[in-house]
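The values are calculated or read from the model by the stated rules, or taken from the named source; none is laboratory data. The model shown is predicted, which means the values in this text are computed figures rather than measured ones. Here the Cβ positions follow ideal geometry from the backbone for every residue, glycine too, while neighbour counts run over all protein chains shown.
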Amino acid sequence: MTATRRFMDNLFLIGYRCTGKTSAGKTLAEKLGLTFVDSDRVITTEIGCSIAEFIAANGWAAFRETERKVIARLSEMDRQVVAAGGGTVIVTENVVRMRSSGKVIWLRASPDAIRQRMQADAGSAANRPPLTGQGSLEEIAAVLDERKHLYTDAAHQSIDTDDLNTDEVVEKLIEIIEGDFKTDPIG
């Protein structure tokens, strides 16, 4: 684990909600002695309400601008594991900042796995607004399809989390860090 002890950049975890960014990010940061930050939690602390409430009152554009400012600040720091919001990659400036500040890893999951995790996480639905008017599985599939190229372009590497628990995702993240991002390209 010598390489992980020397890790000085940021590590940004991107992907759809409920793909393991927060749970794996917290565990990884603890193992590596880094700071863990969930960008959505930073935003909710700053705005003083849930993301769903903020968007209902102010709209998506205001939320994306708030998110952009948070990502800009986080990108100026180092030695962090950052769980980025699922739509962070929509704003090109966020991607540029994350990639220039560290490594970006896309935690992928299938629509079925995401739906099951969302149903098991009561906070997910309560704190985040629906993204389309479709049912949950249809919405997940549609948004993933819409964002796939954005996640692919943003990420240095990716991990499929469908059949992995948190510890297994963390092991894969450590392998990537120790491998200096030279193997397992996005495919």
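Annotations
- With respect to the stated conditions, LEU131 fails to be modelled with pLDDT of 95 or more and surrounded by 14 or more Cβ atoms within 10 Å (Cβ to Cβ).
- Residues of the stretch 20-40 satisfying the condition of being in a helix (DSSP H, G or I) and exposed (fewer than 14 other Cβ atoms within 10 Å of the Cβ): GLU30
- Of all residues in the stretch 81-89, at least one satisfies being in a helix (DSSP H, G or I) and either farther than 23 Å from ALA142 by Cβ or in contact (Cβ under 8 Å) with a residue 24 or more places away in the chain (or both).
- Yes/no for ALA56 being in contact (Cβ under 8 Å) with a residue 24 or more places away in the chain, more than 18 Å from the chain's Cα centre (by Cα) and either farther than 24 Å from ALA120 by Cβ or part of a strand (DSSP E or B) (or both): yes
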